[in-house]
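*Asks:* Have a look at this one.
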Amino acid sequence: MCRIGAIKSRHYVHPSQALLLMQSQQKGHDNSGFAMVMQDLGGIFENYKHLPTLSLACTDEGLRIAKTIMDTRGFRLVHEWEPRTNRQPGLDIQAMPHYVFQTFDYPADYAAADQKAKQELLLDTRLELRREMEDNCIGFVYSFWPDVITLKEIGDPRDIGTFFNIWDTDDKFTARVITAQCRQNTNYAIVRYAAHPFFCQGYTALANGENTFYQKNREFQQSLHRGYIGFESDSQCFLYTLHHIHRQLGWPLSYYKHVITPLPFKEMVRREDQDQLLAMRQSLAHLEINGPNTIIGVLPDNTLFTCCDAKKLRPVVVGRDADTVVLSSEVCGINEILPDRNWETDIYPNEREIVVIDNNLEVQRWKQ
Amino acid sequence: METVKINDIACNDLPWKIKYHPERCTLCGACIAACTFDAIGPKMERRRVTYTDSATPEPKTRFCAQPVIAQQNSIKNYCRGCGVCERVCPNNAISSERNPDSRFSVAYATVTASGPKRGGRNNLEVQARTLDTLRVGRISQMTDPSLDAQRHTFDCLAPLGRILPAGNLPLKQTADGKLIKDGHTPPVRWIYPVIIGDMSIGALSWRMWEAVAMAVAYLNEECGLPVRMCSGEGGMPVRLLKSKYLKYMILQIASGHFGWNRIIQAMPHMVEDPAGVLIKIGQGAKPGDGGLLMAAKVAEHIQAIRGVPKADLLSPPNHQGLYSIEESVQKMFLSFNAAFKFRVPVAIKVAASATSVSVFNNLVRDPYNIVGGFFLDGIDGGTGAAHDISLDHTGHPVVSKLRDCYLAAVAQGRQGQIPLWAAGGMGKTGNLAADAFKMFCLGANGVFTGKLILQMAGCLGNDHSRCNACNTGLCPVGITTQQPVLVKRLNPERVAQNIVNYFLAMDGELRKLMAPIGNSSLPVGRSDCLVSSDKAVADRLQVQYVC
């Protein structure tokens, strides 16, 4: 089973906290990988919040390809950071030669472009990079977006932490929102792209569970948007649906739950808004999910949320103190991060709600 | 010696032979009275009897005339093998036996200068059915525990009506972040995923049709299953048109437009909208052939409902006013949508054919959003009356064609916009839940079935050429006849009860299939949970091959 976790704080948090959060749940996953997305960045990236950062793991050839593509598109490199890696023997990690985080300024002809045009450019660039590096595992492009960094690797999370030196806390590599997961895919082949969290145009999603409507979701999504690709994991569908509902259709987040786990018809007809809910259910029947799962998501404005499937309820707990909210598959993870919190205020979300944490760390429970 | 009259019809020319045991027969006459085809009758036979009239055996012989039951050697009154004689005989003295050496199809044409006709079924299918090579093979286990068919709730409903892409929904956001509907959307009904297929009053006896209607009302009102029934082409009783139960009925219009005069006249008095309108272009059992109701079945009440004289009623093979799909959308769909003020979904039924995907593609691109369902009927479907040549040698199986249509929708990102409904042999082997479930997984939103409903009512016909005399008006069980004496053989309350019970059983069985794959909604398009033990089927349907 997967274990997932998320930290959202008023202060910048080092990823060692994410490792710690996941480490205590080690019995629940299989030590086959570690992946995280950091958003609202601090440290050395704090001054570049408005510029897109590329998260890339690749070979020498991949570096060359990336440079060519970015140059051709007119991106101008303004900041680059390659984490110091600890390549000591005996670590359980399938490391790539390079891990690169490069921040770019937009091409000159985008100086006057609106946000939307820039966002489309970023997506197209990421897709091109991915496409050009796809063969022979030349490189993996996880995200290319302002204020976002993604790191994924295959191996034991503890050793991955050692490899990237992220057990040692510092104030250079930090973020206010970190989502993390510790396990490689078991349903399909082990590939880096299959590791949660998944990212697309500011949206992040990770899940613990199974999506038995994977085929339906995938077949529907693959013609909805050019960015809906890969499908290395059935959980990617959760992200694409979130992106489609919230960004493409412009519906409020609360309707995400109505699409993925619609109310049963018998309950729906008792509601005042049954017309809208039914219209959504029938139009997006192929985005419904079935099977047990818990989803954690992050919106482009760094709002964090979690919700569960309609029936079989995979676990998730929300714990908090004054400055930090932690979501975790198991409460032991939260106990590591927030040992002194009032655990009586922990929330165990039910199958018909979304728990939303805004940027003031206000925790809201929205009943479906 | 008498000359052998080789060109006369003999009983071994016929498809069924009567097996008669005179020593068991009491000559009560029940079998002759019950045989609606006059295929048996009384006959005197000269018998040689050996007897003795002394205390010690002194055999003597005499001849006598003895009454017996004998088969008619007639091309008109031939035995259909329905077995009613056997059912009524108190002494097991008579039964019918399939004649493997029948010369019937040749003899019939040589005698009548026309091809044989029958009602009922396609009887040429001798190989295993496609659906029987499929199994539900993706079972949820430790990663994804199964549901509990008894404990969990399931949403077993299917849409009928045009569904808009989400981006085209007229939704407006209010100040408090709610979405509200701000405009018209096509009507969509969420109904039970098994529709009782279109069998007309005319094809069915009034008792049978009434029994089905009663069953549907009971399933809705008492059992909570929103089952819908299609009227078939031939109208409906005015009393039903004006009743609240109209909401459970799908009105059919076919190329003969039979019954629509009364429907239109009843419209101002309707207290409920019908569940839908189904435009029948073709049917799977005899594609390219129009409807056929023999004069023998056009009884007085049928004449009244349809507004016709007593004559063979032939619907033309197609709708005469139309020459293209686009035109049918513009004229026919628009007019029927408009007739009910765009409150009632209008769907189309076509026979599965090599061209079905083209038709579907055209409809799915309908710019007016008024095509509310694509009903695809395959070769294994039934019919009230048809020429053998059509039944035996035209048609297209529904399974692969349904799959093709679904995949065509997937390729265009339009799956679900026009709900797909499939029929043609659903439940042929008796288990409709299994067939329906597999069709859902292949992409059908729902299925419809007619022939199986007759089986529930007590139809004696089968897919191995037994009976299938629906066309004659002589149905031995009162299902497809308009003769009052025969109709009375059918107990409508019992038929309704049978149908209700079958649907309840089927509903339970559907859950028993949804639970192991862990789905609480119908798994439409989930071909990943099917496997096939036939490589060719697996490849064709794009499901996993297993061995």
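The values are calculated or read from the model by the stated rules, or taken from the named source; none is laboratory data. Source: prediction; values computed, not measured. Note that each Cβ is placed from the backbone with ideal geometry, even for glycine, and that neighbours are counted across all protein chains shown.
*Asks:* With region A:21-87 as the region, which strands (runs of 3 or more DSSP E) entirely inside it contain at least 1 residues that are within 23 Å of A:Glu330 (Cα to Cα) and over 21 Å from the mean Cα position of the chain (by Cα)?
*Replies:* Numbers: elements: A:33-41, A:52-58, A:76-81.
In region A:21-87, there are no strands (runs of 3 or more DSSP E) which contain 1 or more residues that are within 23 Å of A:Glu330 (Cα to Cα) and over 21 Å from the mean Cα position of the chain (by Cα).
*Asks:* Among the residues that make up region A:196-214, is at least one of them in contact (Cβ under 8 Å) with a residue 40 or more places away in the chain, within 9 Å of chain B (Cβ to nearest Cβ) and at positive phi?
*Replies:* Scanning region A:196-214 turns up at least one residue that is in contact (Cβ under 8 Å) with a residue 40 or more places away in the chain, within 9 Å of chain B (Cβ to nearest Cβ) and at positive phi.
*Asks:* Considering only region B:34-52, state which residues are under 21 Å from B:Pro484 (Cα atoms) and charged (D, E, K, R). Explain how you work it out, then say what you get.
*Replies:* So in region B:34-52, the residues under 21 Å from B:Pro484 (Cα atoms) come out as B:34-39.
If the condition is that a residue be under 21 Å from B:Pro484 (Cα atoms) and charged (D, E, K, R), then B:Asp38 is the only one that fits.
*Asks:* Being under 20 Å from A:Ser283 (Cα atoms) and surrounded by fewer than 24 Cβ atoms within 10 Å (Cβ to Cβ) narrows it down to one residue among A:Gly202, A:Gly250, A:Gly230; which is it?
*Replies:* Numbers: A:Gly202 fails: under 20 Å from A:Ser283 (Cα atoms); A:Gly230 fails: under 20 Å from A:Ser283 (Cα atoms).
Result of the check over A:Gly202, A:Gly250, A:Gly230: A:Gly250.
*Asks:* Checking the conditions here, which among B:Arg466, B:Arg414, B:Arg403 is over 14 Å from the mean Cα position of the chain (by Cα), among the charged types (D, E, K, R), more than 14 Å from chain A (Cβ to nearest Cβ) and farther than 18 Å from B:Ala505 by Cβ?
*Replies:* Testing whether each residue is over 14 Å from the mean Cα position of the chain (by Cα), among the charged types (D, E, K, R), more than 14 Å from chain A (Cβ to nearest Cβ) and farther than 18 Å from B:Ala505 by Cβ leaves just B:Arg466.
*Asks:* Just give me the residues in region A:81-132 being farther than 29 Å from A:Glu232 by Cα, free of Cβ contacts under 8 Å to residues at least 40 places away in the same chain and not aromatic (Phe, Trp, Tyr), in sequence order.
*Replies:* If the condition is that a residue be farther than 29 Å from A:Glu232 by Cα, free of Cβ contacts under 8 Å to residues at least 40 places away in the same chain and not aromatic (Phe, Trp, Tyr), then A:Pro89, A:Pro107, A:Ala108, A:Asp109, A:Ala111, A:Ala112, A:Ala113, A:Asp114, A:Gln115 are the ones that fit.
*Asks:* Could you say whether any residue in region A:253-270 is over 22 Å from A:Gln215 (Cα atoms), surrounded by fewer than 17 Cβ atoms within 10 Å (Cβ to Cβ) and more than 10 Å from chain B (Cβ to nearest Cβ)?
*Replies:* Yes, some residue in region A:253-270 is over 22 Å from A:Gln215 (Cα atoms), surrounded by fewer than 17 Cβ atoms within 10 Å (Cβ to Cβ) and more than 10 Å from chain B (Cβ to nearest Cβ).
*Asks:* Do we find that B:Phe360 is assigned by TED's automatic domain parsing to the domain that holds B:Ala203, among the aromatic types (Phe, Trp, Tyr), assigned to a loop (DSSP other than H, G, I, E, B) and in contact (Cβ under 8 Å) with a residue 12 or more places away in the chain in this structure?
*Replies:* Judged against the criteria, B:Phe360 is not a match.
For (1) assigned by TED's automatic domain parsing to the domain that holds B:Pro484; (2) farther than 30 Å from B:His464 by Cβ; (3) loosely packed, with under 13 Cβ neighbours inside 10 Å; (4) in contact with a Cys (Cβ under 7 Å, 6 or more places away or on another chain), each residue gets a yes or a no:
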site: B:Pro15; (1), (2), (3), (4): no, no, no, no
site: B:Ile18; (1), (2), (3), (4): no, no, no, yes
site: B:His21; (1), (2), (3), (4): no, no, no, no
site: B:Cys28; (1), (2), (3), (4): no, no, no, no
site: B:Cys31; (1), (2), (3), (4): no, no, no, yes
site: B:Ile40; (1), (2), (3), (4): no, no, no, yes
site: B:Val49; (1), (2), (3), (4): no, yes, yes, yes
site: B:Ser54; (1), (2), (3), (4): no, yes, yes, no
site: B:Pro57; (1), (2), (3), (4): no, yes, yes, no
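*Asks:* While we're looking at this one, here's another question. If a residue must be in a strand (DSSP E or B) and in contact with a strand residue (DSSP E or B) (Cβ under 9 Å, 6 or more places away or on another chain), how many such residues does region B:188-203 contain? Don't jump to the end; show me each part of the working.
*Replies:* So in region B:188-203, the residues in a strand (DSSP E or B) come out as B:189-191, B:194-196, B:201.
Imposing the further condition that a residue be in contact with a strand residue (DSSP E or B) (Cβ under 9 Å, 6 or more places away or on another chain) reduces the set to B:189-191, B:194-196.
Matching residues across region B:188-203 total 6.
*Asks:* Considering each residue of region A:278-327, count those that are among the aliphatic types (A, V, I, L, M) and facing chain B (nearest Cβ under 9 Å), and give that number. Explain how you work it out, then say what you get.
*Replies:* In the first step, residues of region A:278-327 are kept if they are among the aliphatic types (A, V, I, L, M); the result is A:278-280, A:284-285, A:287, A:289, A:295-296, A:298-299, A:304, A:310, A:313, A:316-318, A:322, A:325-327.
Still in the list and also facing chain B (nearest Cβ under 9 Å): A:278-280, A:284-285, A:287, A:310.
Residues that pass the stated criteria total 7.
*Asks:* Could you tell me whether any residue of region B:489-504 is under 14 Å from the mean Cα position of the chain (by Cα), part of a loop (DSSP other than H, G, I, E, B) and modelled with pLDDT of 95 or more? If you could, list the steps in order and put the result at the bottom.
*Replies:* Within region B:489-504, the subset under 14 Å from the mean Cα position of the chain (by Cα) is B:499.
Pick out the ones that are also part of a loop (DSSP other than H, G, I, E, B) and you get none.
The answer is no, given that none of the residues of region B:489-504 is under 14 Å from the mean Cα position of the chain (by Cα), part of a loop (DSSP other than H, G, I, E, B) and modelled with pLDDT of 95 or more.
*Asks:* Consider region B:172-191. How many of its residues are free of Cβ contacts under 8 Å to residues at least 60 places away in the same chain and either of a type in the set (A, V, I, L, M) or buried (at least 18 other Cβ atoms within 10 Å of the Cβ) (or both)?
*Replies:* Let us first name the residues in region B:172-191 that are free of Cβ contacts under 8 Å to residues at least 60 places away in the same chain, namely B:172-183, B:185, B:190.
Imposing the further condition that a residue be either of a type in the set (A, V, I, L, M) or buried (at least 18 other Cβ atoms within 10 Å of the Cβ) (or both) reduces the set to B:175, B:179-180, B:185, B:190.
Count: 5.
*Asks:* Of the numbered conditions (1) surrounded by fewer than 24 Cβ atoms within 10 Å (Cβ to Cβ); (2) within 30 Å of B:Gly161 (Cα to Cα); (3) of a type in the set (A, V, I, L, M, F, W, C), B:Leu454 fails exactly one; give the number of that condition.
*Replies:* (1)
*Asks:* Ok, one more. Could you tell me whether any residue of region A:210-226 is within 20 Å of A:Ala6 (Cα to Cα) and of a type outside the set (Phe, Trp, Tyr)? Working first, answer last.
*Replies:* Step one: list which residues in region A:210-226 are within 20 Å of A:Ala6 (Cα to Cα), which gives A:210.
From what's left, of a type outside the set (Phe, Trp, Tyr): A:210.
So far as region A:210-226 goes, yes, one or more of its residues are within 20 Å of A:Ala6 (Cα to Cα) and of a type outside the set (Phe, Trp, Tyr).
*Asks:* Filter region A:169-199 down to residues that are in a strand (DSSP E or B) and at pLDDT 95 or above and give me whichever is surrounded by the most Cβ atoms within 10 Å (Cβ to Cβ).
*Replies:* The initial filter retains those residues of region A:169-199 that are in a strand (DSSP E or B), namely A:175-181, A:198-199.
With the extra rule that they be at pLDDT 95 or above, the set shrinks to A:175-180, A:198-199.
Working: A:Ala175: 28, A:Arg176: 21, A:Val177: 24, A:Ile178: 28, A:Thr179: 29, A:Ala180: 28, A:Phe198: 31, A:Phe199: 25.
The residue in question is A:Phe198.
*Asks:* Go through region B:157-184 and give me each residue that's more than 21 Å from A:His246 (Cα to Cα) and either modelled with pLDDT under 95 or within 7 Å of chain A (Cβ to nearest Cβ) (or both). I'd like the intermediate steps shown before the answer.
*Replies:* Step one: of region B:157-184, the residues more than 21 Å from A:His246 (Cα to Cα) are B:157-162, B:183-184.
Within region B:157-184, B:Leu157, B:Pro159, B:Gly183, B:His184 qualify.
*Asks:* Can I ask one more? Name, by its number, the condition in (1) surrounded by 15 or more Cβ atoms within 10 Å (Cβ to Cβ); (2) modelled with pLDDT under 85; (3) not polar (S, T, N, Q) that does not hold for B:Pro316.
*Replies:* It fails just one condition, (1).
*Asks:* Picking from B:Thr56, B:Thr3, B:Thr50, which residue would you name as being in a strand (DSSP E or B), among the hydroxyl-bearing types (Ser, Thr, Tyr) and farther than 21 Å from B:Ile479 by Cβ?
*Replies:* Among B:Thr56, B:Thr3, B:Thr50, only B:Thr50 is in a strand (DSSP E or B), among the hydroxyl-bearing types (Ser, Thr, Tyr) and farther than 21 Å from B:Ile479 by Cβ.
*Asks:* Out of the residues in region B:323-339 meeting the condition of being in contact with a helix residue (DSSP H, G or I) (Cβ under 8 Å, 6 or more places away or on another chain) and within 19 Å of B:Leu251 (Cβ to Cβ), tell me which one is surrounded by the fewest Cβ atoms within 10 Å (Cβ to Cβ).
*Replies:* Taking region B:323-339 as the starting set, the residues that turn out to be in contact with a helix residue (DSSP H, G or I) (Cβ under 8 Å, 6 or more places away or on another chain) are B:325-326, B:329, B:339.
Still in the list and also within 19 Å of B:Leu251 (Cβ to Cβ): B:329, B:339.
Numbers: B:Val329: 21, B:Ala339: 16.
Result: B:Ala339.
*Asks:* If you don't mind, another one. Hey, can you tell me all the residues within region A:131-168 that are among the polar types (S, T, N, Q) and not in a loop (DSSP other than H, G, I, E, B)? Show your work before the answer.
*Replies:* Restricting attention to region A:131-168, the residues satisfying the condition of being among the polar types (S, T, N, Q) are A:136, A:143, A:150, A:162, A:165.
The answer is A:Asn136, A:Ser143, A:Thr150, A:Thr162.
*Asks:* Can you tell me which residues in region B:456-474 are part of a helix (DSSP H, G or I), at pLDDT 95 or above and not small (Gly, Ala, Ser)? Steps first, please.
*Replies:* Narrowing region B:456-474 to residues part of a helix (DSSP H, G or I): B:456-457, B:470-472.
Applying the additional criterion that residues be at pLDDT 95 or above yields B:456-457.
Passing the criteria: only B:Met456.
*Asks:* Which one of these is closer than 28 Å to B:Thr185 by Cα and hydrophobic (A, V, I, L, M, F, W, C): B:Leu432, B:Leu391, B:Leu407? I'd like the intermediate steps shown before the answer.
*Replies:* Working: B:Leu432 fails: closer than 28 Å to B:Thr185 by Cα; B:Leu391 fails: closer than 28 Å to B:Thr185 by Cα.
Criteria check complete, one pass: B:Leu407.
*Asks:* Quick one: which helices (runs of 4 or more DSSP H) lie wholly within region B:383-449 and hold at least 1 residues that are of a type in the set (Ser, Thr, Tyr), buried (at least 24 other Cβ atoms within 10 Å of the Cβ) and in contact with a helix residue (DSSP H, G or I) (Cβ under 9 Å, 6 or more places away or on another chain)?
*Replies:* Working: elements: B:388-393, B:398-411, B:432-442.
By residue number, B:398-411.
*Asks:* While we're looking at this one, here's another question. Can you tell me which residue among A:Ile160, A:Ile154, A:Ile138 is over 26 Å from A:Thr306 (Cβ atoms) and touching a strand residue (DSSP E or B) at 6+ places or on another chain (Cβ under 7 Å)? Lay out the reasoning, then the answer.
*Replies:* Values: A:Ile160 fails: over 26 Å from A:Thr306 (Cβ atoms); A:Ile154 fails: over 26 Å from A:Thr306 (Cβ atoms).
Being over 26 Å from A:Thr306 (Cβ atoms) and touching a strand residue (DSSP E or B) at 6+ places or on another chain (Cβ under 7 Å) holds for just one of A:Ile160, A:Ile154, A:Ile138, which is A:Ile138.
*Asks:* Another question, then. In the set B:Cys459, B:Cys467, B:Cys475, which member is free of Cβ contacts under 8 Å to residues at least 40 places away in the same chain and not hydroxyl-bearing (Ser, Thr, Tyr)?
*Replies:* Result: B:Cys459 is the single residue among B:Cys459, B:Cys467, B:Cys475 that is free of Cβ contacts under 8 Å to residues at least 40 places away in the same chain and not hydroxyl-bearing (Ser, Thr, Tyr).
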